[in-house]
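The block underneath contains the structure these notes are about, expressed in C-alpha cells.
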Amino acid sequence: METHSRKEDWVAIFTGTFIVSQGLFFLKAANLITGGTAGLALLLTHVFPWSFGALYFFVNMPFYLLAWKRFGVRFSVNTAISCALVSVFTDHLSNFITIEHVDPAYCALAGGLLTGLGMLILFRHRSSLGGFNVLCLFIQDKFGISVGKTQLVLDCIIVFTSLFFLTPSIIILSIAGAVVLNIVLAMNHKPSRYSVKYI
C-alpha cells in the first residue's frame, strides 16, 4: 500500500487532534470520562488542581519511548506532537465555544464518535495519541489483534476505576461513549484492511 506523504501526515495530524479535542470538550462539559490516558487525565482532574492538557501530556510521557523503540523516530515524534496539540486545543476551546445546556447522553455519543474519528485519522498517518494507543498499536502489529478490541478492554478498566469518583449514571454514560469510540476503531482500523508502515 502506498504510504502517505509527509505533507498529508502533517495535515492529518492537525485535523485528527482538532477533532479529538472537540470530542474531549463534549466529555468534559458533561463531567464524563473515557478510556486510555485521556480518560486517566480526565479522572485526575477530579483529584489534582491542574488542567486536563497538562495532566494528559505528562501521563503520556512514558509511552513515547515505547513508540520510539517499536515504531521508529517519525512515529514517536508525530505522537508527541499530537499529544501536545490535543493538550493545547482542549485546554483552550472554552475561549471560543461554550455550552449553556448539557445533555450527558448526547455528550457521550458526540464525544465517543469525534474522539474515535480523530484517533482513526491519526492511526492512518503515522501517529497516535500516545499511552494506551501506542500499546494497542504494538499489540496489533505484534499479534494481529485489532486496536478497537484491546483499547476497549483497557478503556473499561479506566472507566470502572472512576467508580470511586463519579456517580453511577455518569459511569454508565462514560462506558457508552467509550464503546462508541471503540466501535469506530474496530470497524475501521482492521490490520487486514489497512496497513501503515511506521518507519
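All conditions but one from (1) surrounded by 20 or more Cβ atoms within 10 Å (Cβ to Cβ); (2) small (Gly, Ala, Ser); (3) free of Cβ contacts under 8 Å to residues at least 40 places away in the same chain apply to GLY130; the one that does not is (3).
For (1) closer than 23 Å to GLU100 by Cα; (2) not small (Gly, Ala, Ser), each residue gets a yes or a no:
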{"position": "SER5", "(1), (2)": "no, no"}
{"position": "PHE14", "(1), (2)": "no, yes"}
{"position": "VAL20", "(1), (2)": "yes, yes"}
{"position": "PHE26", "(1), (2)": "yes, yes"}
{"position": "ALA29", "(1), (2)": "yes, no"}
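Within region 139-169, the residues that satisfy the criterion of being in contact (Cβ under 8 Å) with a residue 40 or more places away in the chain, part of a helix (DSSP H, G or I) and surrounded by 19 or more Cβ atoms within 10 Å (Cβ to Cβ) are GLN140, VAL147, GLY148, GLN151, LEU152, LEU154, ASP155, ILE158, VAL159, SER162. Picking from PHE143, PHE123, PHE132, which residue would you name as being within 18 Å of HIS4 (Cβ to Cβ) and at pLDDT below 90? It is PHE123. Being touching an Asp or Glu at 6+ places or on another chain (Cβ under 8 Å), of a type outside the set (Phe, Trp, Tyr) and crowded, with 17+ Cβ neighbours inside 10 Å is a property that holds for ALA30.
Okay, residues lined up against (1) more than 23 Å from THR15 (Cα to Cα); (2) touching a His at 6+ places or on another chain (Cβ under 9 Å); (3) β-branched (Val, Ile, Thr):
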residue	(1), (2), (3)
VAL59	no, no, yes
VAL73	no, no, yes
VAL86	no, no, yes
THR90	no, no, yes
VAL102	yes, no, yes
GLY111	no, no, no
PHE132	no, no, no
PHE138	yes, no, no
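Here the helices (runs of 4 or more DSSP H) wholly within region 5-97 that include at least 1 residues being touching a helix residue (DSSP H, G or I) at 6+ places or on another chain (Cβ under 9 Å), in contact (Cβ under 8 Å) with a residue 40 or more places away in the chain and over 20 Å from PHE138 (Cα atoms) are 6-29, 36-44, 73-92. Across region 1-27, the qualifying residues are those that are surrounded by fewer than 22 Cβ atoms within 10 Å (Cβ to Cβ) and of a type in the set (S, T, N, Q), and the one among them that is nearest to LEU85 (Cα to Cα) is THR15. Total residues in region 90-114 satisfying the condition of being closer than 24 Å to GLY148 by Cβ and under 17 Å from the mean Cα position of the chain (by Cα): the figure is 9.
The values are calculated or read from the model by the stated rules, or taken from the named source; none is laboratory data. Please read all numbers here as calculations on a predicted model, not as lab measurements. Note that we place each Cβ from the backbone using ideal geometry, even for glycine, and neighbour counts take in every protein chain shown.
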